[in-house]
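The values are calculated or read from the model by the stated rules, or taken from the named source; none is laboratory data. These numbers come from a predicted model, not from an experiment. All Cβ positions, glycine included, derive from the backbone under ideal geometry; neighbour counts span all protein chains shown. Surface accessibility is based on the protein's heavy atoms, side chains included, excluding ligands, DNA and RNA. Shrake-Rupley method; radii C 1.70, N 1.55, O 1.52, S 1.80 Å.
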Amino acid sequence: MKTVLITGANKSIGYETAAQLAGQGYRIFLGARDLKKGEEAVAQLKAKGLTQVEAIQIDVTDKASIEAARDLIAQKVSSLDVLINNAGISGGMPQNPIDVPIETVKKVYDTNVFGAIMVTQAFYPLLEKSPEPRIVMVTSGLGSLTAHSDPNSRFYTFNPGAYGPSKTALNAYTVALAHTLRDPFKVNAVCPGYTKTDFNQHQGPGSVEDAAKIIVKYATIGVDGPTGKYFSNDLNPGGEAPW
Ligand SMILES: NC(=O)c1ccc[n+]([C@@H]2O[C@H](COP(=O)([O-])OP(=O)(O)OC[C@H]3O[C@@H](n4cnc5c(N)ncnc54)[C@H](OP(=O)(O)O)[C@@H]3O)[C@@H](O)[C@H]2O)c1
């Protein structure tokens, strides 16, 4: 049975990703920074008949928490097949680049960039033991420099000064990582699209089902699948997006 860790999976897109992968027969380590919320999410999944799911406490900004999660998972399984770095924060909007507090920028980077890097580094030894390791970085169309510099793009005039750059940085790390790891790893940046969740006070038009679907697609991509690429439901639904 293949194994997956999803960070920030106690609700919203991460939770639905856990549900879809559990439905495909994956054994799920459902990451939650608040273990109680994680256990509640697991109880909901089990009530739907998805039994191969367990909650793991993991705060992606806390190295000790990440290492404890890694050690716990290493006691249960000999390898990890899929890592989904989903946990993310917006930092609150608006974020005018000229006056967004530097504390906000640092906080957003701590979760969206440094957190994803710390988790990836901690779990690399377990991923390396999988014959077909997959890493998905959950990013955003707002991380695309191409879209932000294209006057015809709807992102041209929407420039949150902390969140957007954090996802651009995550994209850059994805490229560096993919090119370093290479075969048999597949490492991709995947944007779930503007989705109705707590993240945006439920303003996004998309469903968590569709958001999770694109994440699941690249979490389960076959040996001939892409690596080091960017896919975005916002920028180019169903296809590759410009960095
Ligand atoms: N929704 C959208 O429109 C949209 C669009 C593009 C990209 N995304 C990306 O998709 C991902 C999921 O977004 P979402 O809409 O599902 O957001 P959400 O509803 O706000 O859920 C975020 C999840 O991340 C967790 N989290 C936050 N900080 C964490 C930390 N330090 N350690 C561990 N977990 C942490 C949250 O835990 P708590 O419950 O404890 O807060 C929650 O489980 C994010 O990376 C986001 O940037 C979302």
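A compact table of results
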quantity: Rounded accessible area of Tyr15 (nearest 10 Å², 1.4 Å probe); calculated: 30 Å²
quantity: Sum of -39500 (n - 2.57) over DSSP H runs of 4+, divided by residues of the chain (222 nm, nearest 500); calculated: -12000 deg cm²/dmol
quantity: Accessible surface of the chain [probe 1.4 Å, protein heavy atoms]: carbon and sulfur percent; calculated: 53 percent
quantity: Distance violations [Cα-Cα > 31 Å] among Lys48/Lys229; Lys129/Lys229; Lys129/Lys167; calculated: Lys48/Lys229
quantity: Largest-first principal axis extents, alpha carbons of segment 30-124, Å; calculated: 48, 29, 20
quantity: Extension gain, Val175 back to Glu132 (0.36 nm per residue minus Cα-Cα distance, nm); calculated: 13.6 nm
quantity: Shape parameters for segment 3-240, alpha-carbon atoms, Rg then Dmax in Å; calculated: 16.8, 52
quantity: Student exercise, the chain dipole from Lys, Arg, Asp, Glu Cβ charges, in Debye to nearest 20; calculated: 300 debye
quantity: Estimated inter-spin distance, Ser207 and Glu67, nm [label 7 Å along Cα→Cβ]; calculated: 4.4 nm
quantity: Segment 39-125: trypsin sites (Lys or Arg not before Pro) in DSSP coil with no more than 14 other Cβ atoms inside 10 Å; calculated: Lys48
quantity: Mean separation of Cα contacts under 8 Å, 6 or more apart, over the residue count of segment 1-113: relative contact order %; calculated: 28 percent
quantity: Compactness relative to 2.2 N^0.38 Å, alpha carbon Rg of segment 107-243; calculated: 1.03
quantity: Span from the segment 1-35 Cα centroid across to the segment 201-231 one, whole angstrom; calculated: 14 Å
quantity: Relative contact order of segment 159-243, pairs being alpha-carbon contacts under 8 Å that are 6 or more residues apart, as %; calculated: 30 percent
